[in-house]
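Peer 1: My questions will all concern the structure given below.
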Amino acid sequence: MKKRQFEHTIRAAAAILGVNEVLVIGSQAVHASIDFELPAAERSIEADISAMQDDDGSKADLIDGSMGELSMFQDTFGYYAQGVTPETAVLPEGWQDRLIVFESPATNGVKAFCLELHDLWISKAIAGRPKDREFCEALFEKDLVDAQILHQRLAEVRKLNPAIKEKITSHLPCDSAMPHEL
């Protein structure tokens, strides 16, 4: 998903929800922190979007039903929004205080609150799918994340299986060099 597609997706999701602020917790959150295209993010055709508050998941369902996978939105534009709740991602404590605001003329006043890159990396490393590992490696290759901060943030993740935490920690270097494959 390119930045212009991301802008369209957050604008459309906000219109469906009747709000002017949304939360982005997946790989497309990278658009708030970089001003260039990242191929690992471009390969994804969905943006994980949440309402800022969605206690019962009904707003995530509204996004999914209106512009989710296999929707008319995806058929028309070739990309879609995955409706999620803030609890979908496993994140370090304090992530809400580090959100990066994305707003551009193309968002028509909609603000997307996006995960900070280290928090995003942690979330993707925990998810651990091949596409997530590729994304994490791309952030390292572009020097967008620092291993020491990742060590610190990983220690701030609560309710994480110790074996998963150990696996991620064992692949993190002590400096900002490229980690071993996750």
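The values are calculated or read from the model by the stated rules, or taken from the named source; none is laboratory data. Just so you know, these numbers come straight off a predicted model, no measurement behind them. Neighbour counts run over all protein chains shown; Cβ positions are idealised from the backbone, glycine included.
Peer 1: Among the residues of region 25-42, which ones are under 14 Å from the mean Cα position of the chain (by Cα), of a type outside the set (S, T, N, Q) and either in a loop (DSSP other than H, G, I, E, B) or surrounded by fewer than 14 Cβ atoms within 10 Å (Cβ to Cβ) (or both)?
Peer 2: Once the filter is applied, which keeps residues that are under 14 Å from the mean Cα position of the chain (by Cα), of a type outside the set (S, T, N, Q) and either in a loop (DSSP other than H, G, I, E, B) or surrounded by fewer than 14 Cβ atoms within 10 Å (Cβ to Cβ) (or both), region 25-42 yields 25, 26, 34, 38.
Peer 1: How many residues does region 125-173 contain that are farther than 27 Å from residue 45 by Cβ, acidic (Asp, Glu) and either touching a helix residue (DSSP H, G or I) at 6+ places or on another chain (Cβ under 8 Å) or assigned to a helix (DSSP H, G or I) (or both)?
Peer 2: Here the count works out to 2.
Peer 1: With respect to residue 7, determine if the residue is over 14 Å from residue 53 (Cα atoms), among the acidic types (Asp, Glu) and part of a loop (DSSP other than H, G, I, E, B). Before you say what the answer is, go through the steps one by one.
Peer 2: Numbers: over 14 Å from residue 53 (Cα atoms): yes; among the acidic types (Asp, Glu): yes; part of a loop (DSSP other than H, G, I, E, B): no.
Against the criterion (over 14 Å from residue 53 (Cα atoms), among the acidic types (Asp, Glu) and part of a loop (DSSP other than H, G, I, E, B)), residue 7 does not qualify.
Peer 1: Quick check on region 102-124. Is at least one of its residues modelled with pLDDT under 95, outside any loop (DSSP other than H, G, I, E, B) and over 22 Å from residue 50 (Cβ atoms)?
Peer 2: no
Peer 1: Let me ask another. Being under 12 Å from the mean Cα position of the chain (by Cα) and either of a type in the set (A, V, I, L, M) or part of a strand (DSSP E or B) (or both) is the filter here, so list the residues in region 43-60 that pass it. Step through it out loud before you land on a result.
Peer 2: Step one: filter region 43-60 for residues under 12 Å from the mean Cα position of the chain (by Cα), giving 44, 46-50.
Those that are under 12 Å from the mean Cα position of the chain (by Cα) and either of a type in the set (A, V, I, L, M) or part of a strand (DSSP E or B) (or both): 46, 47, 48, 49, 50.
Peer 1: Tell me the residue from 153, 133 that is buried (at least 17 other Cβ atoms within 10 Å of the Cβ) and over 23 Å from residue 96 (Cβ atoms), please. Full working, then the answer.
Peer 2: Details: 153 fails: over 23 Å from residue 96 (Cβ atoms).
When all the criteria are applied, what remains is 133.
Peer 1: Inside region 64-87, can you point out the residues that are more than 16 Å from the chain's Cα centre (by Cα), among the aliphatic types (A, V, I, L, M) and within 16 Å of residue 7 (Cα to Cα)?
Peer 2: Listed by number, the list holds a single entry, 67.
Peer 1: Which numbered condition in (1) under 26 Å from residue 152 (Cβ atoms); (2) outside any loop (DSSP other than H, G, I, E, B) is the only one that residue 74 fails?
Peer 2: Residue 74 satisfies all of (1) under 26 Å from residue 152 (Cβ atoms); (2) outside any loop (DSSP other than H, G, I, E, B) except (1).
Peer 1: I need the full set of residues from region 57-85 which are closer than 16 Å to residue 19 by Cα and either touching a Cys at 6+ places or on another chain (Cβ under 9 Å) or loosely packed, with under 15 Cβ neighbours inside 10 Å (or both), in order please.
Peer 2: 58, 61, listed by residue number.
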